[in-house]
Amino acid sequence: MLSKIWRMLSEDVAIDLGTANSRVYVRGRGIIITEPSVVAINQKTGQVLAIGDEAKKMVGRTPAHIIATRPLIAGVVSNFEVTEQMLKYFIDKAHQKKFPLVSRPRVIIGIPCGVTEVEKKAVCDAAKSAGAREVFIIEEPMAAALGARLPIQEAGGNFIIDIGGGTTDIAVISLGGIVLSKTLRVAGDKMNQDIIQFAQEEYKLLIGERTAEMLKIIIGSACPLKEKKQLPMRGRNLVTGLPEEILVSDDDIRKALEKSVKQIIAEVKTAVEETPPELLADIMVSGIQMAGGGSLLKGLAPLVQKETKIITKVIEDPTTAVVRGSGMVLENLDQLHEVLIETEYLEPPK
């Protein structure tokens, strides 16, 4: 009875706490926040100046004493205090406090597979310090599979690849549990760094992360495109120190991304090799599903299909799959609580 009253008084939230972007789902209202996981801090005073969109605008444009930082590295808390501030900002922004004194929300947070107990505890503690009443943890590929509407609770194999900003999670799911998982710290951010490094080595040009990301999105690809594309790449010449613009092609960017793409493909093939035969037979029929922003890299799904010989497709709206799946658990916590990670730090659902 008391639990029902708590639910009526609070607006519970699900948070996809991503390395690059965070998304927030509010029970009964859907996804209401999509913002970069960036916090701007005044180093002289320790004061948080901006979070999310406002902080990202400051990246690369601040004086020396102001830094725009990401408090998560590869989906794991690297700066506890800043993560707490960011979570508090998201929870406060999402939570329309009907009764401010009592309406602390329950929070579900998505994290990569394979994180340690210490890292899980850091996420839980940061969320509780930020104002959560109860904290539940869900592994991102499980949430993505739910978001993709896969029949994860049935006795059949579901293969999902979630390529985010910091990590690539690969999982085989059956009967509501993860049978096999792989986590690779090669994803969207690493691809951006590959392009930055390529520009320096090939053209002696120093470019920023935002420029690299733009090149990746617009002309980046995992295999040759039917139509050739070119884009100007602007930066500072490392030899002359002067600004310079160079026209790069999709072939250049594909060459830059080649090593990271090969690593992801190799890890997927390893996961396929380690999948139990009965589940693999199911997956050969249902196919491999891809989620996360990294899955939108042109030609990546066809390349996975070519290398694994299994039908591969990108799910609808892949960037929001994790938060949508977490939201489904939030809306049906009694029926879906088994998909959550149970640890000593988490209270069981009431």
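Derivation of every value follows stated rules applied to the coordinates shown; laboratory data play no part. Bear in mind that the values here come from a model prediction, so they are computed numbers and not experimental data. Every residue, glycine among them, receives a Cβ derived from its backbone with ideal geometry; neighbour counts consider all protein chains shown.
Of note:
- For the chain, a simple Cβ point-charge model (Lys and Arg +1, Asp and Glu -1, everything else neutral) yields a dipole of about 980 debye relative to the Cα centre.
- Overall form of the range 13-83 per C-alpha gyration tensor (a/c, 1.5; a/b vs b/c): prolate
- For the chain, with +1 on Lys and Arg beta carbons and -1 on Asp and Glu, the positive-most of F159, G235, L146 along the dipole: G235
- Classified by the C-alpha gyration tensor, the range 99-179 has a prolate form. Its axis ratio a/c, with a ≥ b ≥ c, is 1.5 or above, and a/b is larger than b/c.
- Available extension along the chain between D92 and T62 is 8.2 nm, counting 0.36 nm per residue and deducting the alpha carbon span.
- Dipole of the chain, positive direction: furthest Cα of G28, V272, V59, with charges on the beta-carbon: V59
- Summarised as an ellipsoid, the range 140-234 has semi-axes of 35, 14, 10 Å, derived from the eigenvalues of the Cα gyration tensor scaled by 5 and square-rooted, with the largest first.
- The chain: translational diffusion in µm²/s, Stokes-Einstein, Kirkwood Rh over Cα pairs, 4 °C, 1.567 mPa s: 61 µm²/s
- Estimated from the Cβ-Cβ distance and a Förster radius of 45 angstrom, the FRET efficiency linking L175 and S249 is about 0.45.
- Counting neighbouring beta carbons within 10 Å and listing from fewest to most, the residues L238, L340 come out as L238, L340.
- Packing-based exposure ordering (other Cβ within 10 Å, fewest first) of L206, L231, L87: L206, L231, L87
- For I341, the residues whose modelled amide H falls within less than 5 Å of its own, excluding neighbours fewer than 5 places apart on the same chain, are I137, I138, E139.
- Rg/Rh ratio calculated on Cα atoms of the range 188-257 (Kirkwood radius): 0.95
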